[in-house]
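Notes follow the structure.
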Amino acid sequence: MCREIKTCATWVAFGAGLQAVNMFGLERHGQARRRRLGMVKTLPAICKGPLVHGPIPSRGVQVLKGTKVMKRSSIRLGADIGGTFTDVVLEKDGAVFSTKVLTTYAAPENAIIDGMHQVCEKAGVAPDQIEQIIHGTTLATNALIERRGAKTALITTNGFRDVIEMRTESRFEQYDLNLTLPEPLLPRQFRFTVNERVNAKGEVMIDLDRSEVEAVADQIAAAGFDSVAVGLIHSYLNPAHEQMVRDVLAERLPDVAVSISSEVSPQMREYERFNTVVANAYIKPLMASYLGRLEERLKGEGVGCRVFLMHSGGGIISIQNAAEFPVRLVESGPAGGAVFAAHIAARYGIDKVLSFDMGGTTAKICLIKNQTPKTSRVFEVARTYRFKKGSGMPISIPVIDMVEIGAGGGSLAHVDSMRQIRVGPESAGSEPGPACYGRGGTRPAVTDADLVLGKLDADNFAGGSIKLHADHSRTALSTHVGETLDMDAVEAAFGVAEVVDENMANAARVHAVENGEDLSEYTMIAFGGAAPLHAGRLCEKLGVDRLIVPPGAGVGSAIGFLRAPYSFEANRSVYMRLSDFDAEVIRTLLTELQSEATGFVRTCDATADILSEFKVYMRYAGQGWEIPIELTQEQAMNPDAATFVARFEEDYAKLFGRTVVGMDIEITVWSVNATTPQEHVARVTANSGDGQAEVQGKRPLFDAASGAFLEADVIDRASMQTGQRAIGPAALTEDETTIIVPVSRDAICQPDGCIDVVLKSKGAV
């Protein structure tokens, strides 16, 4: 397979990059297709205005001064749509009001509206008083994992039809003779080719014939595709052919969404780039339809403020940009959770944090060092083989680096042909939900196991809004697990809980090994509706001594949205060896990328100060992958070959122990992240926990380490005062979740309301 390599001289073909982006192509969505996709007639309203506003200074600066620092509105709403629950948080002058409502799949915006009314009532405000809405969703992720996107076609260069199926020809488990690679997102009959060729320097070798594109467009029209991805070889160097294809499709197929790789992911490596543009096209109609309906519903409720989206890199972008590049939302909800965990880490001055987010459908694990989540420009969705790198679907976008698995409260359990209990990735979601919801579900989910094991109160789940039926859980567990394995309902529940906990623990171990980290040195921060139920046991399995469950843990990602800055990262592949170092080309390139990234941020806030973060990806010549090297503003705008070498060798030695003498060094990718300043975080001094928490009651709680039911204290979390200690085993209850404290640990209430779960006889660290 041809690998994409380019020279720096071809960079000039890019111009100003995304300045020429045709906003969504939503004006091309015909009425018939809109009706079929559930799109509203007024959808183009979210497309008004240019993508990038106004001229940006030609010379990059680290801080672009505005007339003000980003203003935090006094009434702000965060909404996180999950696979099972939709979390809604309203922040009013520092006070937080939250709720959880079941996600409505047919119209996800309905859950946001319902949740908005609930939190507005709690806060005593009207919806039209909301000054800002920040939204994140797992709709994009779940659509990719569950293969529920639009009927999508791929147009690529002749000879490259099977790139997304051949992958990189690497084996993620080389000794497995029966290895099965994940199926590509699009089957072969959905992929079309055109005869054209651009070489590795961006030069046209074979011109693209417009009539051939028209013929392919007619085939796509006849097959009834809803969306088209265009990925041509080396198009990131010279996008002219991709742009021609888009123009032809716009003329002949005005009701089909189009995504081109030179705009979605202008980076080298054709497999990752093609897969990314396919994913973008696959979810684009779904997300565009949803975002349009959301805006209309909000307007109908009298909400006139702007709506922003959380993107996978941990920042906020405008709804316009989100609709054009929905693939950047794939890790939208989880990114909010990572921002939330980083905020808590900064509050306590913790440098090594394992972020654990478990909701109704998935569990997300992220490493946070020095209060900053680890980031990457490529990540994998839906790893299929023991969470191993390479077994998932690669997406080439700026993203907070985390591992995500199908393990949540709604994850369904079954017994496989080897008589082993399996949990996930299939989820009961909210419709019908776990068996205990009493909404028609008959198969056992993790929530059913938690209920039978005493972790949940059937009468006070989700603040009492959902009545749980323990008898339904026992029946489902006995029927689908117990009868096959000769277990009663409790044993089956224990088996399901241990399997899902071990799945999450193994995912964390693999993620730590991939990053060269020892989890015993880390503190876990747990949030999400299901995480506090399982985090204690997970810490026991991983050897983690300390667990922090912050206030609002059940809606942690939604709170994280309100803590995130406006940001956008612009990337571009420009190949350059340091032996051919060209300072002027580098200065111009980084300035252009800064302008591009800043322009996106300006669509969110036209006046705020903007910080610019510069990064280049470097490697020794001949190596297959790069490492990120951060540059200061001075180093970026006054590039010097010796400085680049020194920075690379410094970071390379930290990672691999030594440098390689006599090897040339090359740069493959250049990146500039524009972001508004982070809000100030006040430090908290941890309390050692000398007092005794008031116990409201007792209930049997199954302790996994003991393998038996123990009498556990039931404590209202809201009643705990600073310094009070709950002795494990205990269940700390609140509206959105329950913190399970194993017998091996105690829980201490900290001054900011965080619950610090520590080993017995130890105070907070």
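The values are calculated or read from the model by the stated rules, or taken from the named source; none is laboratory data. Source: prediction; values computed, not measured. Neighbour counts are summed over all protein chains in view; Cβ atoms, including those assigned to glycine, are modelled from backbone coordinates with ideal geometry.
In the stretch 297-337, what residues are crowded, with 24+ Cβ neighbours inside 10 Å and under 20 Å from Ile75 (Cβ atoms)?
Passing the criteria: Phe308, Leu309, Met310, Ile316, Gly336.
Name the residues in the stretch 742-753 that are surrounded by fewer than 22 Cβ atoms within 10 Å (Cβ to Cβ) and either farther than 17 Å from Asp545 by Cβ or without any contact (Cβ under 8 Å) to a residue 24 or more places away in the chain (or both), would you?
Pro751, Asp752, Gly753 - these are the residues of the stretch 742-753 that are surrounded by fewer than 22 Cβ atoms within 10 Å (Cβ to Cβ) and either farther than 17 Å from Asp545 by Cβ or without any contact (Cβ under 8 Å) to a residue 24 or more places away in the chain (or both).
Given the residues Glu613, Glu569, Glu540, Glu584, which is the only one that is modelled with pLDDT of 90 or more, not in a helix (DSSP H, G or I) and not small (Gly, Ala, Ser)?
Glu613
Can you find a residue that is of a type outside the set (Asp, Glu), surrounded by 21 or more Cβ atoms within 10 Å (Cβ to Cβ) and under 17 Å from Gly336 (Cβ atoms) anywhere in the stretch 121-132?
no
Do we have Lys284 as modelled with pLDDT of 90 or more, of a type in the set (Lys, Arg) and within 30 Å of Gln118 (Cβ to Cβ) here?
no
Report, by residue number, each residue of the stretch 706-729 that is among the small types (Gly, Ala, Ser) and in a strand (DSSP E or B).
Residues satisfying the conditions are Ala708, Ala712, Ala726.
When only residues in the stretch 236-273 that are assigned to a helix (DSSP H, G or I) and small (Gly, Ala, Ser) count, which is farthest from Phe379 (Cα to Cα)?
Ranking the qualifying residues of the stretch 236-273, first place goes to Ala250.
Within the stretch 513-531, how many residues are buried (at least 20 other Cβ atoms within 10 Å of the Cβ) and within 20 Å of the chain's Cα centre (by Cα)?
Counting residues in the stretch 513-531 that are buried (at least 20 other Cβ atoms within 10 Å of the Cβ) and within 20 Å of the chain's Cα centre (by Cα) gives 8.
Within the stretch 674-694, is there a residue that is more than 30 Å from Asp746 (Cα to Cα) and not in a loop (DSSP other than H, G, I, E, B)?
Yes, some residue in the stretch 674-694 is more than 30 Å from Asp746 (Cα to Cα) and not in a loop (DSSP other than H, G, I, E, B).
Could you grab the pairs with beta carbons closer than 7 Å, sequence gap of 6+ or different chains, first residue in the stretch 323-342 and free of Cβ contacts under 8 Å to residues at least 60 places away in the same chain and more than 28 Å from Ala229 (Cα to Cα), second one buried (at least 24 other Cβ atoms within 10 Å of the Cβ) and hydrophobic (A, V, I, L, M, F, W, C)?
So the pair list comes out as Ala342/Ile368.
Does the stretch 291-304 contain any residue that is within 16 Å of Val381 (Cβ to Cβ) and either modelled with pLDDT under 90 or touching a His at 6+ places or on another chain (Cβ under 7 Å) (or both)?
No: zero hits.
May I ask you to list the residues in the stretch 742-765 that are over 31 Å from the mean Cα position of the chain (by Cα) and not in a strand (DSSP E or B)?
Val743, Ser744, Lys760, Ser761, Lys762, Gly763
Filter the stretch 191-235 down to residues that are part of a helix (DSSP H, G or I) and polar (S, T, N, Q) and give me whichever is surrounded by the most Cβ atoms within 10 Å (Cβ to Cβ).
That would be Gln219.
Pairs under 8 Å by beta carbon, first residue closer than 22 Å to Ala281 by Cβ in the stretch 178-203, partner of a type in the set (Phe, Trp, Tyr), six or more apart or different chains?
Note: pairs meeting the criteria are Leu185/Tyr282; Leu186/Tyr282; Phe190/Phe225; Thr193/Phe160.
I'd like to verify a number: residues in the stretch 730-741 that are buried (at least 24 other Cβ atoms within 10 Å of the Cβ) and not in a strand (DSSP E or B), how many?
So the count comes out to 1.
What strands (runs of 3 or more DSSP E), lying completely within the stretch 387-474, carry at least 1 residues that are within 27 Å of the chain's Cα centre (by Cα) and farther than 30 Å from Pro373 by Cβ?
411-415, 421-427
So which of Gly728, Gly707, Gly723 ends up being in contact with a Pro (Cβ under 9 Å, 6 or more places away or on another chain) and on the phi > 0 side of the Ramachandran plot?
The conditions single out Gly723.
Scan the stretch 442-466 for residues that are modelled with pLDDT of 90 or more and not charged (D, E, K, R) and report the count.
Final tally of qualifying residues: 11.
Looking only at the stretch 644-694, filter to residues that are in contact (Cβ under 8 Å) with a residue 12 or more places away in the chain and of a type in the set (Ser, Thr, Tyr); which one of those is nearest to Gln594 (Cα to Cα)?
If we take residues in the stretch 644-694 being in contact (Cβ under 8 Å) with a residue 12 or more places away in the chain and of a type in the set (Ser, Thr, Tyr), then Ser671 is nearest to Gln594 (Cα to Cα).
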